[in-house]
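Novice: Would you mind keeping the following structure in view while I ask a few things?
A short reminder: the numbers here are calculations on the coordinates, not readings from a lab. These numbers were taken from a predicted model, which means no experiment stands behind them. Methodologically, a virtual Cβ is constructed for each residue, glycine included, from the backbone with ideal geometry; neighbour enumeration extends over all protein chains shown.
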Amino acid sequence: MEHMTSIAQLLCLSVEEELQKAENLSEVEQEIRRQMIEAGRQALATYLQKQRPKYPAVTTKCPHCGQEAGYVRLRAAKLHTMLGVVRYERPYYPVSYTHLTLPTKRIV
Ligand SMILES: [Zn+2]
């Protein structure tokens with residue numbers, strides 16, 4: 001929980017900086033909420049980027065049809081989450097012209 005105390009202190013500083021002089025408590029609450037959601041969205045994007053293997057496997061087996069798929073490149077991905085739109089990159093393995101697959105160790 002020490003991390004949460006540090007995060008809360010940083011959040012307080014950021015809210016104070018953003019609001020300069022708040023008119024009322026509701027305004028402060030709304031700004032805290034806005035910044036918490038943004039921090040969560042950025043944390044989720046960072047988490048997803050960290051899950052990406054540094055060196056993607058050369059091939060992977062498609063869980064749908066069993067065919068081997070070769071790694072082509074990293075590809076931009078966009079997720080609509082509870083925290084907003086999160087963008088990250090993930091390995092791209094086209095199986096054929098009809099579909100693609102992702103490595104089997106994945107969370108999204
Ligand atoms: Zn397939």
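Novice: Lys and Arg at +1, Asp and Glu at -1: add these up for the other residues within a Cβ distance under 10 Å of Gln49 and post the number. Please list the in-between numbers first.
Specialist: On the way: positive: Lys50, Arg52, Arg87, Arg90; negative: Glu89.
It works out to a net charge of +3.
Novice: Separation between the Arg73 and Ala8 pseudo-spin-labels, each 7 Å from Cα along Cα→Cβ, expressed in nm?
Specialist: For the pair Arg73/Ala8, the computed spacing is 4.7 nm.
Novice: Which one, Ala69, Gln42, Ala8, is farthest towards the positive end of the dipole of the chain when Lys and Arg carry +1 and Asp and Glu -1 on their Cβ?
Specialist: Value: Ala69.
Novice: What does the convex hull of the Cα atoms come to per residue for the stretch 1-54, in Å³?
Specialist: Numbers: hull volume 4.7 nm³, N = 54.
Value for the stretch 1-54: 86 Å³ per residue.
Novice: Quote to one decimal, in nm, the extra length available between Ala57 and Met1 on full extension: 0.36 nm per residue of separation minus the C-alpha distance between them. Before the final figure, lay out the partial values.
Specialist: On the way: separation 56, 0.36 × 56 = 20.16 nm, distance 3.67 nm.
Difference between extended and current length: 16.5 nm.
Novice: Now a separate question. Using a simple charge model, +1 on the beta-carbon of Lys and Arg, -1 on the beta-carbon of Asp and Glu, nothing else, what dipole does the chain show about its Cα centre, in debye to the nearest 20?
Specialist: 1020
Novice: Taking Cα atoms, how many degrees apart are the long axis of helix 2-19 and the longest axis of the chain, rounded to 10 and kept between 0 and 90?
Specialist: Approximately 70 degrees, to the nearest 10.
Novice: Find how much the distance from Leu19 to Met82 grows on full extension, using 0.36 nm per residue of separation minus their present alpha carbon separation; answer in nm with one decimal.
Specialist: Details: separation 63, 0.36 × 63 = 22.68 nm, distance 2.49 nm.
Answer, rounded to one decimal: 20.2 nm.
Novice: Nearest 10 degrees, 0 to 90: what angle lies between the long axis of helix 25-51 and the longest principal axis of the chain (Cα atoms)?
Specialist: 20
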